[in-house]
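Okay, so here's the structure we're looking at.
The values are calculated or read from the model by the stated rules, or taken from the named source; none is laboratory data. Here the structure is a predicted model, which is why all the values come from computation and not from measurement. Glycine gets a Cβ as well: all are built from the backbone with ideal geometry, and neighbour counts include every protein chain shown.
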């Protein structure tokens, strides 16, 4: 794609996003809805004004890399140790329940065992973006619900990364017939990558940041360079770039400067959030929806109804109050950005059909939208429609 068409695509995306975001704010709708709708309108299934799928894939890829890097920067183990004891059994039990129920429903609609398993795996996770974005800042930083949600979401992110490693290993082995080697390489590569990153941060990155911390643009460039450098290294040793970005963030998270880096990168994160959700809407194969609409509706209903109930039961079993358990259950009652990523990876590795990928995409988008409305209409959020529920 040449510079002119790239510029024109960005003009359409951000100008259109500004227009639809304005309408969304006037009507008190979640902004992500505007971005997803815009993608559907301008993408290949709409007016075809932005129809370069390779560009859309690169946009989604870069966006996920930076999102995972920022998530890693916010991962402060010392602040989460107290909640991990409760979060771990809830995260594991809920993941098993969501996997089994979703895979079973998918099999009822004729998907083969492998595809049903991939769909089940994609439905295990809740949206970090929705969960954190719709949680008031005061609740996020000073109340128990914020700590519990971060603990659960981080554990889910770790499980999702393990799933991505497995998909990359199994998919790669399908061509070469070397399953053991394909699994062993990333399994050994991940701890080596983590160790190398910690050593590099301690002996190189942090000393450089400490010496030149007066130059904010230098900190900004170092953060981006570190993120993308580790992402590329991760990809080179058989892992994914997304996993590398997450590791890059975690290894810097214990540094006092990590929060400054996170704050300085927030505009970049928001930039890619727009592109990410635009690409979500643009990549949805609307023409293939009628063939899988039954599966999409049933799975979406299952996610929206079953997830809050499961979280209510599991959180209640670890002594959480009923009101808090329901609150968290509905805030986490949707599919995830990782669901989309798992669908993309599985499709690329030949483990999922186009119909299966459309099911994952459609269920993810539908549950993200409906769940956002449920939270905005019933729980305190920064963008609640009711003045009584609006909390910054």
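Looking at (1) modelled with pLDDT under 90; (2) touching a helix residue (DSSP H, G or I) at 6+ places or on another chain (Cβ under 7 Å); (3) surrounded by 17 or more Cβ atoms within 10 Å (Cβ to Cβ), which one does residue 324 not meet, given that it meets all the others?
(3)
Of all residues being free of Cβ contacts under 8 Å to residues at least 60 places away in the same chain and in a helix (DSSP H, G or I) in segment 318-356, which is farthest from residue 135 (Cα to Cα)? Just the residue, please.
347
Considering only segment 95-114, how many residues are farther than 15 Å from residue 363 by Cα, under 21 Å from the mean Cα position of the chain (by Cα) and in contact (Cβ under 8 Å) with a residue 40 or more places away in the chain?
2
Determine which single condition residue 354 fails, assuming it passes every other condition in (1) surrounded by fewer than 19 Cβ atoms within 10 Å (Cβ to Cβ); (2) under 27 Å from residue 93 (Cβ atoms).
Of the numbered conditions (1) surrounded by fewer than 19 Cβ atoms within 10 Å (Cβ to Cβ); (2) under 27 Å from residue 93 (Cβ atoms), the odd one out for residue 354 is (2).
Residues checked against (1) in contact (Cβ under 8 Å) with a residue 40 or more places away in the chain; (2) in a helix (DSSP H, G or I); (3) surrounded by fewer than 14 Cβ atoms within 10 Å (Cβ to Cβ):
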| site | (1), (2), (3) |
| --- | --- |
| 209 | yes, yes, no |
| 217 | no, yes, yes |
| 221 | no, yes, yes |
| 225 | no, yes, yes |
| 231 | yes, yes, no |
| 234 | yes, yes, no |
| 239 | yes, no, no |
| 248 | yes, yes, no |
| 252 | yes, yes, no |
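Considering 313, 286, which residue is surrounded by fewer than 22 Cβ atoms within 10 Å (Cβ to Cβ), closer than 25 Å to residue 64 by Cα and either more than 18 Å from the chain's Cα centre (by Cα) or without any contact (Cβ under 8 Å) to a residue 40 or more places away in the chain (or both)?
Only one candidate passes the filter, namely 286.
For segment 9-27, indicate whether the set of residues that are out of contact with any strand residue (DSSP E or B) (no Cβ under 6 Å at 6 or more places or on another chain), at pLDDT below 85, surrounded by 16 or more Cβ atoms within 10 Å (Cβ to Cβ) and under 15 Å from residue 279 (Cα atoms) is non-empty.
Yes.
Please state which one of 276, 260, 272 is surrounded by fewer than 24 Cβ atoms within 10 Å (Cβ to Cβ), under 25 Å from residue 368 (Cα atoms) and in contact (Cβ under 8 Å) with a residue 12 or more places away in the chain.
Answer to the check: 272.
Within segment 33-59, can you find the residues that are assigned to a helix (DSSP H, G or I) and modelled with pLDDT of 75 or more?
33, 34, 35, 36, 37, 38, 39, 40, 41, 42, listed by residue number.
Tell me, please, whether a residue that is at pLDDT below 80, under 24 Å from residue 159 (Cβ atoms) and not in a helix (DSSP H, G or I) can be found in segment 262-279.
Checked segment 262-279: no residue is at pLDDT below 80, under 24 Å from residue 159 (Cβ atoms) and not in a helix (DSSP H, G or I).
Picking from 204, 190, which residue would you name as being out of contact with any helix residue (DSSP H, G or I) (no Cβ under 6 Å at 6 or more places or on another chain), part of a helix (DSSP H, G or I) and under 25 Å from residue 166 (Cα atoms)?
190
Residues of segment 74-120 being at pLDDT 90 or above, over 17 Å from residue 329 (Cβ atoms) and surrounded by fewer than 15 Cβ atoms within 10 Å (Cβ to Cβ), which ones?
Answer for segment 74-120, where residues must be at pLDDT 90 or above, over 17 Å from residue 329 (Cβ atoms) and surrounded by fewer than 15 Cβ atoms within 10 Å (Cβ to Cβ): 100, 104, 108, 112, 113.
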